[in-house]
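Student: Next up is a structure, given as structure tokens.
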Amino acid sequence: MFTIGIHDGHNSSVCLLRDNKVINLMQEERLRYTKNYFGFPNLTLDTILKENDLKINDIDSFAFSSYHVPYSSDKDALIANYKQSASNKAALKHLLKYTPVYSVFKNIRKNDRIKDLIKLDVPQSKIKFIEHHLAHASAAYYGCPWVKNDEKILILTQDGSGDGLSGTVNIGYEGKIERVGQITKENSLGRLYATVTFM
């Protein structure tokens, strides 16, 4: 069984798994020569398929590493966004995230991401979305060579933000991951760091 994992945010990348084992992984920036490339990794997907003599139809599922990614941004757009973080416009955008308007925006973005794959003749039934911090926790837990199924493993995740969270506390046990705590993106140390360093 072949699975393609896709990250289409900053440092966009593609991972190819065969029977749940990673056999190829690459970041889009390596092919575009654009540091921290943000967006759908078309070149990487094409390269990984060619390197492994696979076609789109050979892949059983395509999994995005988050439910929601805001629009594509380059470094200049991010700097401008952080510079405006104390403005009235930024305050209004923040308030809109707590209204139905934000759900409409997220659905539009989700459909855009689905269209990126449909353009490549991927059936929609093969497209999956994984909650961002579960993706982080899964990589740590299932990718760890010394984990034993009969012992509880503490799994911590921490980043700027993903799917509304900046961190989680999880327990891995008998092949399953249970979330026991989480930190919202409003309390993100990563965002604090980004705000200070972008200014």
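Student: Applying the selection to the stretch 143-174, what residues are aliphatic (A, V, I, L, M) and outside any strand (DSSP E or B)? Working first, answer last.
Tutor: If we filter the stretch 143-174 for residues that are aliphatic (A, V, I, L, M), which is where we start, we get 147, 153-156, 165, 169, 171.
V147 - this is the single residue of the stretch 143-174 that is aliphatic (A, V, I, L, M) and outside any strand (DSSP E or B).
Student: So, in the stretch 24-54, of the ones that are out of contact with any helix residue (DSSP H, G or I) (no Cβ under 6 Å at 6 or more places or on another chain) and hydrophobic (A, V, I, L, M, F, W, C), which residue ends up most open to solvent (accessible area, probe 1.4 Å)?
Tutor: L25
Student: Residue check, A90 against (1) under 13 Å from H7 (Cα atoms); (2) at pLDDT below 95; (3) small (G, A, S), all met but one. Which one?
Tutor: (1)
Student: Would you be able to tell me the number of residues in the stretch 109-135 that are out of contact with any strand residue (DSSP E or B) (no Cβ under 7 Å at 6 or more places or on another chain), under 19 Å from P41 (Cα atoms) and either basic (K, R) or surrounded by fewer than 16 Cβ atoms within 10 Å (Cβ to Cβ) (or both)?
Tutor: Residues in the stretch 109-135 being out of contact with any strand residue (DSSP E or B) (no Cβ under 7 Å at 6 or more places or on another chain), under 19 Å from P41 (Cα atoms) and either basic (K, R) or surrounded by fewer than 16 Cβ atoms within 10 Å (Cβ to Cβ) (or both): 11 in total.
Student: Output the residues belonging to the stretch 152-172 that are open to solvent by 60 Å² or more (accessible area, probe 1.4 Å) and without any contact (Cβ under 8 Å) to a residue 24 or more places away in the chain.
Tutor: Quick first cut of the stretch 152-172, residues open to solvent by 60 Å² or more (accessible area, probe 1.4 Å) only: 152, 154, 156, 158.
Of everything in the stretch 152-172, those that are open to solvent by 60 Å² or more (accessible area, probe 1.4 Å) and without any contact (Cβ under 8 Å) to a residue 24 or more places away in the chain turn out to be K152, L154, L156.
Student: Among the numbered criteria (1) touching a residue at least 12 places away in the same chain (Cβ under 8 Å); (2) assigned to a helix (DSSP H, G or I), which single criterion is violated by N111?
Tutor: Tallying (1) touching a residue at least 12 places away in the same chain (Cβ under 8 Å); (2) assigned to a helix (DSSP H, G or I), N111 fails exactly one: (1).
The values are calculated or read from the model by the stated rules, or taken from the named source; none is laboratory data. Computed from a predicted structure; not experimentally measured. So basically every Cβ, Gly included, is an ideal-geometry build from the backbone, and we count neighbours across all protein chains shown. Remember, those area values only see protein heavy atoms, side chains included, never the ligands or the DNA or RNA. Shrake-Rupley method; radii C 1.70, N 1.55, O 1.52, S 1.80 Å.
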